[in-house]
Each structure stands twice: as C-alpha cells, then as structure tokens.
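Peer 1: Below: one structure in structure tokens.
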Amino acid sequence: MTTVTARALIRTEAAGGGRTRLETLRSDPPLTLRQTGPRRVHLVSTGAGPLRGDHLELGVDVAPGTSLEVRSVGATLVLPGLADAPSVMVVRARVGAGATLHFSPEPTVLAAGCAHRLVVRLSLAEDANVFWREEIVFGRHGERPGRGHARFDATVAGRPLLRQDLLVGEETVDDSPAVHGDARCVGSTLIAGPAWAPPAVTDVKRERRAVLGDGWAALPLAGPGVQVCALGADAVQLRVRLRHGEEAATASAPGAPPTGPHRP
Amino acid sequence: MNGDAALLLLADSRLPAGGHAHSGGVEEAVRRGAVTGAGDLARFLRGRLATAGLVTAALAAAACELAASETAPVAGPGTAPRTGPATGPATGPATGPGTAMDGGGRDGQDGWELGAAHDPGAPPPGDTADTVSLWRRLDAEADARTASPAQREAARLQGRLLLRTARRMWPSAALDTLARAVPEGPHHPVALGAAAASAGCAPRQAALAAAYTSVTGPATAAVRLLGLDPVTVHRLLADLATALDDTARAACASLDDAIPEDDEPEECGHQGPQPGRPPAGHAAEQAAEQAAGHAAGHAVEHAAGHVAGHAAWQARWHARWHALPGHSAPALDLLAEGHLTNPMKLFVS
Amino acid sequence: MGAYHDDLHDAAEPHGRALRLGIGGPVGSGKTALVAALCRSLGPSLRLAVVTNDIYTTEDADFLRRAGVIDPERILAVQTGCCPHTAIRDDIAANLDAVETLEERFGPLDLVIVESGGDNLTATFSRGLADRQIFVLDVSGGDKVPRKGGPGVTSADLLVVNKTDLAPMVGADLTVMSRDAAAVRDGKPVLFTSIREDRGAHSVAEWATHMVDAWQREHGEPHHHAAHHTARNATEQAAQQAPAS
C-alpha cells in the first residue's frame with residue numbers, strides 16, 4: 001500500500017465593508033474542504049486514516065481584518081497502516097492584524113498500533129485573536145492507544161506564547177499520576193488575543209489566577225492568552241470540561257471578541 | 001576542571017536555595033489520593049521526569065550554553081579567576097561520565113556534545129543590552145512552556161532563590177546579567193543553567209542537575225508526607241538513573257534540533273508577503289521567526305542581509321530555542337493549581 | 001527582590017539596615033502571641049515588618065493580620081515543607097528573600113521579626129538570617145525544660161518564659177526555671193511573662209528596643225537600599241533601547 005501526501009490551503013481576504021472572502025480554498029484529498037458559511041470551512045475527511053507514512057498539511061492564512069472558522073465533520077481516526085514512518089499532520093496557521101481564527105476540529109482518535117505526529121505552528125500578529133481547540137482520544141473504546149506526539153507552537157509577533165509537546169502511548173507517561181492520571185483523553189484550548197494580555201508589569205510580577213474545575217483548568221499564560229486544559233474519561237466528558245474552561249476563560253476578559261465556542 | 005564536583009554541589013538537596021519547600025505537585029497528589037504509596041510514586045516520578053524534567057533539563061542546558069558564551073566568571077572572595085566555561089560550551093568534558101558509563105554506544109549522531117559549530121557564540125563586544133534581552137527571551141521560552149501560573153510562580157521563586165545563592169557561591173557576570181534581566185526572578189532551570197556555567201559545568205551537566213532535581217524534590221516530599229520507607233523511595237530514584245542520563249542527553253540534543261525535521265520550507269503557497277506582520281522595528285523577531293521556518297544557514301544569511309549583526313546574532317540564539325521540548329503534563333498543571341486552593345498545605349508547591 | 005543586592009559576600013551586610021530578630025521555640029509556647037505583643041508595643045515607635053514560617057500554609061500570618069497589630073501588607077509568610085528548622089537554619093534562602101522583599105517594599109525599617117515555625121528545643125536561627133534571637137518556652141512544658149538545655153535555651157540572646165499565669169496550675173516552679181536557665185545561659189538574660197495578662201509583653205519589648213538602639217548605634221540609621229531599584233531602572237532603559245523580546 002502506498003502512502004499519501006496532501007497539501008490543502010485556506011486563505012481569506014478582506015472584501016470591503018469589514019467582510020471576509022475566501023480567497024483560496026484548495027482541497028487535496030484526503031484533506032477535503034467545504035465552505036459551509038460565509039466565513040466557515042469544514043474539513044471533510046475522504047478516505048480512512050491518516051495511516052502510517054501519510055503526510056498531510058493544512059495551511060490556514062487569515063488575512064488582516066478578516067475572520068475564519070475551521071471545523072471538521074467528524075473525528076479523525078488515526079490508523080496503523082503498514083509503513084514504518086508515523087503519519088504526520090502539519091497545520092500552519094497565520095492570523096493577521098485584527099483577524100480572528102476559530103479552529104475546532106472534532107477529536108483525533110489514536111487507534112491501537114498507530115504512530116501519529118501532529119504539528120501545529122500558529123503565528124499570530126500582535127492584535128490577532130484565536131480560539132484553537134485540540135482533543136486527543138486514547139484509542140477506540142476499550143483498546144490501548146497507539147502512539148501520538150502533538151507539538152504546538154504559538155507565537156505572537158514572533159514572541160513565544162505557548163510551546164507544548166503532548167505524548168500519548170509512551171511507557172513513561174501512560175498511567176502516570178503526573179501526566180494523564182487515569183484519563184482516557186486529553187484536550188486543550190488556546191484562547192488568545194489582546195483582551196487576554198496580562199496587566200502591565202509595574203513592580204512585582206504577579207501572575208493572574210487560574211480558574212480550576214473538576215478535571216479542567218483555565219490557565220492564564222504569561223503572554224496574551226489563556227490555555228484551557230482538561231482530562232476526561234471519554235470524549236463527551238472531555239468536551240464538557242473544556243467548555244467549562246472556555247467559558248471561564250472568555251469570562252476572564254470582558255469585552256473580548258466572540259472567539260468563544262459556538263454550538264457544534 | 002570538568003565540573004563534576006560542581007555538579008554534585010549544584011544537585012545536592014542541601015544546597016541552600018529553597019528547594020526543600022517544594023513538592024513538585026506531590027503534596028496535592030497525595031491529598032487527592034492520586035499518590036498513595038511507592039507504586040504510584042514510581043509512576044508519578046517517571047511521568048514527571050519525561051515531561052517537566054525533560055523541559056527543565058533542556059532549558060537548563062540552553063541557559064548554561066548562553067551563560068558560558070557571555071563572559072568569564074569574576075573572581076569570588078579568596079578564589080582565583082576561573083577560566084573553565086569562558087571559552088565556550090565546546091570546552092565541556094569531551095568524555096562525560098555519562099558516556100563512560102553507558103559505553104558510549106549511543107553517541108553516534110545525537111548531537112550530545114555541544115559543538116562550537118552550533119553555538120552562536122559570544123556577543124559582539126560592548127553591548128550588554130543584547131545579552132539582557134537574550135536572557136529575557138530564554139526566560140520567555142520557559143514561560144511559553146509553563147502554562148500554569150502556579151507553576152510559573154513556583155519556578156520563579158525557586159529561580160530567584162537559587163540565583164541569590166549562586167551569585168555568592170559562583171560570582172559571575174552572567175549571573176549578574178541574568179539578575180538584571182529578570183528582576184522578579186528567572187525560571188528555575190534558567191537560573192540553574194546559568195549557575196552551572198558559572199560553577200564550571202557543561203550544558204549536559206546542567207541538564208542532568210535539572211532532571212535530577214525534578215524528581216528528587218518530589219520523592220523527598222513523598223517520604224515526608226506519606227511516611228514511606230526512605231530506602232524504598234531511593235530505590236525508585238536509583239531505578240530512574242538511566243532515564244536521568246537519557247533525559248539529559250535528549251535535552252542537549254534538542255538544542256541542536258533548532259530546525260525541526262518537519263518544518264521544511266513552505267511549498268503550499270502561503271509563505272509569500274505576509275499579512276499581519278509587525279511593522280519595521282521587529283526585525284530581529286522576524287529574523288528569528290524566519291529561522292524557524294527555513295534552513296539555518298538560509299536564515300542566517302537572510303537575517304544578516306537585512307538587519308544589523310547584533311540582531312542576526314540574537315536571531316541565531318532565538319532559533320536555537322524554538323524547538324526545545326515543551327512536554328506538558330496536564331495532571332501536573334491541575335495539581336499545581338489545586339495546591340494553591342489547599343488551606344492546609346505544607347509545601348510552597 | 002532580595003536576590004539583587006550588590007554585596008554578595010555576606011548574607012546580611014549590616015550597615016544601614018534593619019535589625020533582624022528571630023523568634024523561635026516549641027509549638028504552642030506563644031511565639032505568634034509574642035510577635036503580636038511586640039507589634040503592639042513597638043509599632044508606634046519603630047518601623048516594623050514580620051516574616052512568619054508557618055507549618056501549615058499562612059495560619060500564623062493570618063492570625064497576625066486578623067489581630068490588627070500591623071499593616072497586613074507588612075507580613076510575609078514563608079512555607080517550609082514540613083521542615084521549619086531547615087528554613088531558619090540550613091537553607092535560609094526563602095526567609096532572606098522575604099526579609100529583603102519587605103525591606104525593599106517598606107524600607108527603611110528598624111526591625112524585621114522572623115518567627116520560626118514551631119519546632120523542637122534544638123532549633124536555632126542561622127546568624128546569616130537573624131542578628132538577634134529570642135527563644136520562647138512556656139511553663140506548661142514543665143519546669144525542667146531550662147535544665148535540659150538545648151541550643152535554643154542556651155544560645156538565644158534572650159530566653160522568654162511565657163504563660164507564667166499557668167505556673168500554679170501546672171505545678172511549675174518559676175524559681176527553679178530561673179535558676180536552671182541562668183546556669184546554662186552564661187549570663188544572657190531571661191524574662192518571665194504572661195502575654196495573656198500583659199498584651200504588650202513590655203519587658204520583652206523593652207529588651208528589643210535596646211537591641212534596636214544598639215544595632216543602630218553600631219551600624220548606622222537604616223536607610224533605603226536603592227541599589228536594586230537603580231539596577232532595575234537601568235535594565236528597563238536598556239530594554240527600551242533593545243529590540244522587543
């Protein structure tokens with residue numbers, strides 16, 4: 001069986017009057033894109049996978065002053081396949097000045113035997129806004145998860161905002177009370193923009209306080225953003241917990257633009 | 001001088017730098033029943049080392065490398081001037097104890113020795129503002145890898161205390177610059193790396209000290225909190241010895257991963273003139289950001305062609321830190337924040 | 001913060017700074033009550049700040065704040081991770097940081113009191129942290145405690161025996177305590193008090209005032225340590241000139 005390489009691209013442009021136009025919507029199966037609203041695109045998976053050896057890339061370029069919402073029709077099921085190399089999904093997103101990106105695909109499920117690498121590079125202009133949710137499910141019901149490594153890099157005007165690796169299915173972290181505990185899925189949402197900038201430092205650096213719930217926390221970052229992190233026994237519980245955190249994060253910045261969760 | 005003895009001092013739990021008051025999440029894990037005995041603790045420590053331990057090891061190695069590039073340590077009271085790390089990280093031990101113990105079998109291509117070929121080198125003469133801003137940038141890289149404000153606060157407190165102790169034990173210009181650069185206190189691994197360089201340690205030794213303290217503090221806390229047999233717990237630490245070596249090795253290797261293998265030059269078309277770019281004045285940042293997306297040599301040329309030499313030099317350092325590990329541990333984040341809500345806590349963190 | 005004083009060779013360069021007074025003693029002997037009493041008595045005449053070393057979180061600090069004897073901002077709590085004696089003797093970094101933070105925020109100060117967490121008879125303050133120290137006992141521990149000695153009883157600059165009002169009820173003989181203490185303390189003072197009856201612990205306050213006076217005669221009037229702020233201003237200026245990072 002052969003492996004697949006695909007590169008898809010979404011690009012917006014300002015259409016006058018504060019409106020957004022989709023300047024480019026380039027599908028590359030199995031990464032198939034459908035416009036489902038004036039400023040909304042759904043990722044429609046065509047074919048199973050990704051499988052080991054596949055290399056998929058999605059470029060997202062949100063032009064200054066425009067806004068874009070990216071979702072997916074269903075969960076991504078990552079499967080083993082025959083190749084030795086891991087499957088790779090790279091998302092490069094750039095959000096311009098005054099632009100807004102809402103990115104919330106359905107969960108990635110790491111089926112037993114898979115090896116998956118997810119790489120996100122999110123580059124924000126100084127006053128860009130973003131809502132970016134990631135959910136990872138440790139295997140289908142009752143199975144051991146495959147191996148997954150997600151790397152997330154977000155910068156604001158070139159400065160690091162959030163850099164994280166998340167490992168799943170590794171002996172060192174599985175079942176560790178320090179990492180995932182007894183959770184079966186993990187998720188995080190980055191909500192960032194000028195409204196979440198920390199107050200100007202005057203004398204002593206004082207951290208903003210997190211909001212803590214059952215299995216979730218809304219963590220104010222050192223830079224202009226909040227990360228919601230959550231652990232869950234299943235995808236439903238994870239989503240509920242993330243939503244609680246997202247609401248808390250949104251509430252922490254009165255007057256913030258509506259990057260918060262819409263109903264799915 | 002190869003830094004081995006200094007490494008022992010630096011990693012000793014009796015180093016008077018405030019470490020004894022931190023449990024690394026263990027106190028809250030115990031309170032919540034997530035750690036109840038030696039079995040849980042073993043899994044806790046292993047997971048902590050693979051996440052927070054690796055991240056702090058990499059940051060410590062980066063800080064050690066930066067500090068060593070800066071200046072020679074100044075003479076302390078009654079000591080001769082040191083010359084060890086001042087000639088750059090490449091003068092670290094050519095055959096460290098780690099390589100000796102594991103037979104050197106893993107050293108083939110993993111960038112484990114930090115060579116001068118990779119190190120962006122000493123600053124251009126005469127501008128300390130440059131090194132101040134580099135220290136801030138490295139500290140910001142630590143911030144970006146620490147989502148939990150409770151953990152950032154604990155890391156800064158420990159870093160501040162370590163810095164005050166290290167400045168008296170191993171006075172150096174690098175420690176002074178770091179103190180000026182981050183007056184509220186640098187992240188602990190940043191202070192640890194700078195202290196290690198000032199003490200004559202190589203980046204690998206700084207990484208090993210960071211990895212080691214990332215598990216020994218929590219282990220000691222568990223002994224106190226759960227009344228565990230201290231020998232049982234030290235057996236757990238002994239079982240982690242290989243993992244500690246591997247963590248330090250991986251941490252150093254990550255410094256030479258400045259360009260991730262999956263981040264090749266763009267081909268899908270959205271790398272053209274960039275919308276939303278900051279205006280002029282952010283040239284160094286742009287250069288650094290470019291460096292993350294291109295081959296290193298390309299970025300260097302690119303930067304040098306457009307901005308002053310100082311900015312290019314800074315960009316080379318920045319690019320070195322982009323790909324440092326950021327292994328997150330959601331449970332540790334939740335534990336750290338939960339700890340703050342405990343009105344009866346014994347440990348700071 | 002405290003890590004940024006220019007002098008690196010001594011923990012506590014004495015010139016022109018507040019006297020640092022450690023108060024130690026066993027659990028329940030009345031350390032926190034004594035700190036509150038000193039704040040009451042000395043507050044009107046001396047510029048004070050307090051560092052507490054609680055066993056559990058900020059309980060002692062909270063007690064002092066509620067007592068209303070000192071501006072709550074002038075109290076900092078240090079946590080000690082189950083080992084209160086470590087934080088005042090073996091690893092004093094967190095306490096020094098707290099002391100210097102208070103001096104920077106509220107300085108110049110005349111007196112910084114560092115209250116240890118309740119510990120045993122061997123716990124004493126490092127000279128790197130406290131310039132003078134008081135050890136507090138109470139009569140309910142039994143009148144044999146001074147005879148048993150221990151570093152706290154023998155070496156403290158002042159031994160305070162508290163709760164003298166309870167002596168008849170617990171069968172403690174104050175003259176025995178006084179005689180035994182004198183025998184092991186080599187002429188250093190011992191004061192008997194009942195802070196419950198003397199809310200200002202006036203005899204102890206008088207001793208502390210003498211200590212502060214002597215300290216200032218020897219080391220000069222406290223003045224604000226500007227070095228840190230100067231350095232920070234210089235750093236900020238440098239940052240404005242450097243590219244943002």
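Taken together, the values in this text are just the output of simple stated rules run on the coordinates, not laboratory data. Quick caveat, the model's predicted, so the values are computed rather than measured. Positions of Cβ are generated from backbone atoms using ideal geometry, with glycine treated the same way; all protein chains shown enter the neighbour counts.
Peer 1: For residue A:15 and residue B:237, what does the FRET efficiency come to when R0 = 35 Å and r is the distance between their Cβ atoms, rounded to the nearest 0.05?
Peer 2: 0.05
Peer 1: Right, here's the next one. Quick check: net charge around residue C:54, other residues with Cβ under 10 Å of its Cβ, Lys/Arg +1 and Asp/Glu -1?
Peer 2: Neighbour charge sum, excluding residue C:54 itself: -3.
Peer 1: Report the calculated FRET efficiency for residue C:67 and residue B:341 (r = Cβ-Cβ distance, R0 = 30 Å), to the nearest 0.05.
Peer 2: After rounding to 0.05, the efficiency reads 0.75.
Peer 1: For chain C, which DSSP H helices look membrane-span-like by this rule: Cα extent along the axis of 15 Å or more and mean Kyte-Doolittle of at least 1.0?
Peer 2: Qualifying helices, which must be both long enough and hydrophobic enough, are C:31-42.
Peer 1: Taking 2.2 N^0.38 Å as the expected size of a compact globular protein, what ratio does the Cα radius of gyration of chain C give against it, to two decimals?
Peer 2: This ratio for chain C stands at 1.07.
Peer 1: Please find the FRET efficiency linking residue B:31 to residue A:25, where r is the Cβ-Cβ separation and R0 is fixed at 51 Å, and quote it to the nearest 0.05.
Peer 2: Calculated transfer efficiency: 0.50.
Peer 1: Pairs of alpha-carbon atoms within less than 8 angstrom and 6+ residues apart define the contacts here; what relative contact order does segment A:1-132 have, in percent?
Peer 2: After rounding, I find 24 percent.
Peer 1: OK, next. At q = 0.19 Å⁻¹, what is the log10 ratio I(q)/I(0) for segment B:136-209, with the Debye formula run over Cα points and no solvent?
Peer 2: So the normalised log intensities are -0.70.
Peer 1: Using alpha-carbon positions, what is the distance between the centroids of segment C:152-221 and segment B:6-31, in Å?
Peer 2: Centre-to-centre distance over Cα atoms comes out at 36 Å.
Peer 1: Give a residue-ordered list of calculated ³J(HN,Hα) values for segment C:148-160 (Karplus: 6.51 cos²θ - 1.76 cosθ + 1.60, θ = phi - 60°; whole Hz; x for Gly, Pro).
Peer 2: Working through the residues one at a time gives 5, x, x, x, x, 5, 7, 9, 4, 5, 9, 9, 10 Hz.
Peer 1: Can you give the relative contact order of chain C as a percent, counting alpha carbon pairs under 8 Å and 6+ residues apart?
Peer 2: 27 percent
Peer 1: What is segment A:5-251's relative contact order, in percent, from Cα pairs under 8 angstrom and six or more apart in sequence?
Peer 2: It rounds to 13 percent for segment A:5-251.
Peer 1: Per-residue mean of other chain beta-carbon atoms within 10 angstrom of the beta-carbon, peptide C:210-222?
Peer 2: 0
Peer 1: Hey, got the dipole for segment C:15-220? About the Cα centre, +1 on K and R Cβ, -1 on D and E Cβ, debye to the nearest 20?
Peer 2: Dipole size: approximately 360 debye.
Peer 1: Among C:51, A:41, which comes first, second and so on when ranked by fewest other beta-carbon atoms within 10 Å?
Peer 2: Ascending Cβ contact count within 10 Å gives the list A:41, C:51.
Peer 1: Which loop-located trypsin sites (Lys or Arg not before Pro) does segment A:109-167 contain, where loop means any DSSP state but H, G, I, E or B and the Cβ has at most 15 other Cβ atoms within 10 Å?
Peer 2: A:140
Peer 1: Can you return the lysines within cross-link range of residue C:188? Criterion is Cα-Cα under 25 Å, with same-chain partners fewer than 8 residues away left out.
Peer 2: Once the sequence-local lysines are set aside, what remains near residue C:188 is C:31, C:144, C:148, C:163.
Peer 1: Could you pull out which residues in segment C:163-194 have an amide N less than 13 Å from a spot 7 Å beyond the Cα of residue C:214, following the Cα-Cβ vector?
Peer 2: C:187-190
Peer 1: Next question. Provide, as a two-decimal number, the C-alpha radius of gyration of chain A over 2.2 N^0.38 Å, N being how many residues it has.
Peer 2: Compactness ratio reported: 0.99.
Peer 1: Arranged by the count of other C-beta atoms within 10 angstrom, fewest first, what order do B:56, B:220 take?
Peer 2: Ascending number of Cβ neighbours within 10 Å: B:220, B:56.
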